[in-house]
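Here the structure comes first, spelled out in structure tokens, and everything after it is commentary.
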Amino acid sequence: MIEENIQRFDIRDYLRTHLFPHFMCPGCGHGIALRALLWAIHELGISKDKLAIISGIGCSGRTGAYIDAHTIHTTHGRPLAYATGLKLARPDLEVIVITGDGDCLAIGGNHLIHACRRNLNLTCLMLNNETYGMTGGQVSPTTSNDRFTTTTPLGNYEPVFDACALAIGAGASLVGREITMHVTALKDLMKEGISHQGFSFLEILSDCTEIYGRKNELGESAEMVLSQKANYRSDSYGNQVDEPFKPRDITTGILAKNDRVEYLDACHQHKMSKLQKAMNT
Amino acid sequence: MVAMSESNMINAQTDESLKEAPLQEITTNVLIVGVGGQGVIMLSKVLAALCQEQGFDVKQSEVHGMAKRGGSVFSHVRFGKKVFSPTIPQGNADILVALEWAEGLRWLSYLNPEKGVFIADTQRIVPPFACRDRRRYATSGYVQESVEEVINQVPNSSAMDAVAMAKELGVPKAANTILLGALSTTLDFEVDNWKSIIARFVPPKTVEANLMAFDTGREWIDNFDKQTQLENSVTAVTSPLEIWPVEQNQAVVEINAAWCKSCDICVKFCPERCLALDSQQIATLIKPEACTGCRVCERLCPDFAINIHTPAVN
Amino acid sequence: MSISPENELENLEGNHACAVAAIAAGCRFYAGYPITPSSEIAERMALELPKVDGTFIQMEDEIGSMGAVVGASIGGVKAMTATSGPGFSLKQENLGFAAATEIPCVIINVMRGGPSTGMPTRPAQGDVMQARWGTHGDHPIIVLTPCSVKEIYEQTIRAFDLSETLRVPVVVLFDETIGHLIETIDLSQTNNRKLVERKWASGPQEGFQPYAMTEDSIPPMPRPGDGYRTHITGLHHGESGFPTQDPGQVERFIQRILGKLDQHRQQVESYEAFECEDAELLVVAYGITARAAKRAVKQARAKKIKAGLFRPITLWPFPETVFCSLAKGTKAVLVPEMNAGQLNLEIERHCSDSTRVIPINRFDGEPIAPGQIFEKIQELVSK
């Protein structure tokens, strides 16, 4: 109903259609996440000319190329470093980082925590599919316990990384999580993240259907999407007396938000106050 | 153990006295209804605890577990010197507290037609089953009665927008406590007793907010004037469902076969089962007449192979 | 150096001269990470950049700082980083990205003893081959080796000019000795120079090819926000900028990026030939070693020994044509280096069989003294 009020959203207006069909596997959740992102961009009225998408390596890294914007497909784990440089050089651009669980938390973990700490006005979308899909499905920092991957043939026994808790701890001023099944909620969360003044970190739980899903017998694409629902629990139910059966709690929505001063604002304020002091003395 | 045997003795004594008077005269029946997530259970727990503390025998019977928003939740609270049946017979509820408008109307037949007090929140939560016909412009299955119609028909009734009041107080989740305040005016318990029970049941951080909400509910009832509400309510309540002009409208489903990767998500998620994979394993619309244009397939298609076109609304 | 009123003389440390030169060249972005012996460059940039509305950022690590530099350059701002040994190793992957995607950037490497942590405070010239082949795969790169504070200043400016015009990463390679050397230089000549601008894309956005095969092999670069909406990827890409595995497209792409330095060799190459015309004995040296070699050559000339010095300023691509013509007919070529022998391999490659190539190596953290080179010259002549 709402979308009719603004200009109708046709995703193809935001895609490099000549590259389609895209290279992702059937049922890959990254496609759904990409729709949510473009839908959010549409509703926010961000010009494609002012949009820079920076991605790393892996399945998540390849999704950026399909967006009709200034897209940069960087090195493994480093998109946040590139984005930091680009945003500092060109604050007029809307810089959005698309990264994956391995890209962001393993090889690029250091960049993530410092991007959170600095609070530069970037949006980091971490597509978490619990595996390194592009290289054939190896264990990642977010692979659930007991899951089979090519490098955990007996099931994963390493502890799972809670990316959102990490981002909150490192000081990101907006942290959120959503599942791809909730496309509309995901779009709204992305809108929130992109329009937030400061560093926003959004974890998007996405399905690797063909590799991780098959290996762990998680069902067909649709079943995997549906099982996101079973695993998730909206925050609004959090304090209720009666709690239905829930196999694995996933809290979604905005998990943390604060009004820490943005990096460039802080930089500017600092300069101004020094100038003021210099003038007074 | 001692307490148990003593209460058994008391019960035994009251059983004797009960024979003299009809059940209704000494047992008070409160029916609290709403939908999951609103705080029906919480409200009835407070009432039950208070009654128990005041020395009454209390029976509380509830249906819940439909905690996901939209599911119906109700709770029977019966108290008196001795209560036997856990449930309230139709037409016997002394008080009906409704946290959701349609739920209130659904349970109206349980209210004592002459003396029963009806306290309702005008909040409307439209359940999924009220939207069976998902086509645009379809009318919803939600109750169509207006607040004033209902208030007019039920003698002792009051309808408040508790959610709006709670929001105004800055505690949007305390709408149920506002209704509890309203309920408290109809029962003969001390205000302080109510408050001490509330303080015990709500999370410590929210005690103050809840007591404030409780007072708001009491004040509202004190100042309530049915005539005024009837005059004002014409514009006070609007349905959350837009009423579309009733006319059949066909959505157009555009499927880009070249982009489809046969993942089957659209087929399995379509609420109307109007999609299928064809012999080439490409998504196809097999029942165009059943399509409501709900866009589930479009939005969940990871390959952007489906586009739904619906005519713009004026 | 004559002192006249127009001269702007300043006593500068090599590292500081590098920072001041970067600002003069139009550098407005610096990202780095502290490392000895290059930290003074970062410190000076932190001081200078805010004055010209530039951005300084100390990143979380060496990798991140290289990434940020490339990111800023993509945004259209001249960007630089400075590092040393271990940091240079860490930067290699993103340096390769810049080479493959043709993003201009300048990397200063103040060489220290290696491998590994090595001798952080002692000079060396051990990164000559790494500077050329540090990142994986065939790639174009320009490496400049100044030998004085004045030359650090000049070559840093030149590094920006080359990088911006040729769309190639440029490494300025000097050793700790020069980095920490304080000399008086004259800044007046470079102060009012015209800034070199990157060739920006203009014209129709429809059908724009960001990696088109232009005549000069340097496709104009699209600036984000100008409406071109192109794709930049470290994957092999065709003229459209999108990944390709088509053998023909890949071959053309690699040939173009490798060939463009050949095509612009005139602009890229720089060297100093001292007393080379009649030299029978050629010394090839760079950086601080070249200063020692020059003195040794002068000593030799005083003793009527026909010695000359060839000093490549552009180390990579090596100015081979000039060198070959000078080396032709010489009896021996001496290659003193503060490493176990790196450039001498390149020299051997360019010398005929009749010319002996004699390395003089030192890797103990001490510079090579003129006497050491002169002794070798005398030894060769007496034979």
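We did not get these values from a lab; they are worked out from the coordinates using the rules stated. All of these numbers come straight from a predicted model, not from anything done at the bench. Glycine also receives a Cβ, built like all others from the backbone with ideal geometry; neighbour counts cover every protein chain displayed.
Tabulated values for the structure
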quantity	calculated
Greater than 27 Å apart at Cα, pairs in C:K150/C:K376; A:K48/C:K91; A:K187/B:K268	C:K150/C:K376; A:K48/C:K91
17 Å Cα-Cα reach of B:K59 towards lysines, excluding residues that sit fewer than 8 places from it in its own chain	B:K45, B:K81, B:K82
Ranking of B:T122, C:T184, A:T131 by count of other Cβ atoms within 10 Å, fewest first	C:T184, B:T122, A:T131
Rounded tilt (10° steps) of C:370-382 against the dominant C-alpha axis of chain C	60 degrees
Per-peptide average of other Cβ atoms within 10 Å, ordering A:106-119, C:203-216 highest first	A:106-119, C:203-216
Which of A:Y132, C:Y30 has the fewest Cβ neighbours within 10 Å, and the rest in rising order	A:Y132, C:Y30
Cross-link reach list, aspartates and glutamates versus C:K383, counting only Cα pairs under 16 Å and skipping chain neighbours closer than eight places	C:E280, C:E375
Residue-averaged beta-carbon neighbours from other chains (10 angstrom radius) around C:96-108	1
Compactness of the range C:9-191 - radius of gyration and Dmax, Cα, Å	14.5, 44
Ranked B:S75, A:S144, C:S354, C:S148, criterion: other C-beta atoms within 10 Å, fewest first	C:S354, A:S144, C:S148, B:S75
Cα-based Kirkwood hydrodynamic radius, the protein assembly as shown, one decimal, Å	33.7 Å
Centroid-to-centroid separation of the range C:104-152 and the range A:92-159 [C-alpha atoms, Å]	33 Å
Folded to 0 to 90 degrees: helix A:29-44 orientation relative to chain A principal axis, Cα	30 degrees
Fraction of antiparallel bridges per DSSP, the protein assembly as shown only, in percent to nearest 5	35 percent
Nearest-ten-degree value, helix C:149-166 long axis tilted from longest Cα axis of chain C	40 degrees
Per-residue average of Cβ from other chains inside 10 Å of A:47-55	3
Value of D in µm² per second that Stokes-Einstein yields for the range C:270-382, Kirkwood Rh from Cα pairs, at 20 °C (1.002 mPa s)	158 µm²/s
Computed [θ] at 222 nm, helices only, for chain A once each DSSP H run of length n ≥ 4 contributes -39500 (n - 2.57)	-10000 deg cm²/dmol
The range A:28-46-the range C:216-284 distance, computed between alpha-carbon centres (Å)	37 Å
Histogram of C-alpha separations across chain C, 20 Å bin width, %	29, 56, 15, 0
Principal axes of the range B:252-309: Cα extent on each, largest first, Å	24, 21, 17
Alpha-carbon centroid distance for the pair the range C:338-383 / the range B:41-56, whole angstrom	99 Å
Helical mean residue ellipticity (222 nm; -39500 (n - 2.57) per DSSP H run of 4+; nearest 500) of chain C	-12000 deg cm²/dmol
Global size of chain A as Cα Rg and Dmax, reported in angstrom	19.3, 72
